[in-house]
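Written below as structure tokens is the structure these notes are about.
The values are calculated or read from the model by the stated rules, or taken from the named source; none is laboratory data. Since we're looking at a predicted model, the values are computed, not measured. We work out accessible area using only protein heavy atoms, side chains counted, and drop any ligands, DNA or RNA first. Shrake-Rupley method; radii C 1.70, N 1.55, O 1.52, S 1.80 Å.
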Amino acid sequence: MFDLHTICHAADGIGGLFVEDGEFTVAMAEHCGCGEVERFVALLQALDHYSIAAALLEHHIEFDQCEPSSHPEAAAVFAAA
């Protein structure tokens, strides 16, 4: 059984790393794969950090030179920011 309080606390902690440290966001964008970045983007959006989610995805796409088809939700992420 999952402890929702613990899950939410952990999600807030991870989201806080992106909020507090721009270098963390850049490092995650450069070192994570597409699927991992998409999960972090979804987490940041769930925590109402839309501009950070967009920055993470944008940097990842540029750094990895991703094809547009690799991130079909990108336009919606950027529009939400």
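See the values below:
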{"quantity": "Probe 1.4 Å, protein heavy atoms only - accessible area per residue of the chain in square angstrom", "calculated": "65 Å²"}
{"quantity": "Length released on extending from E20 to T6, taking residue separation times 0.36 nm less the Cα-Cα span", "calculated": "3.0 nm"}
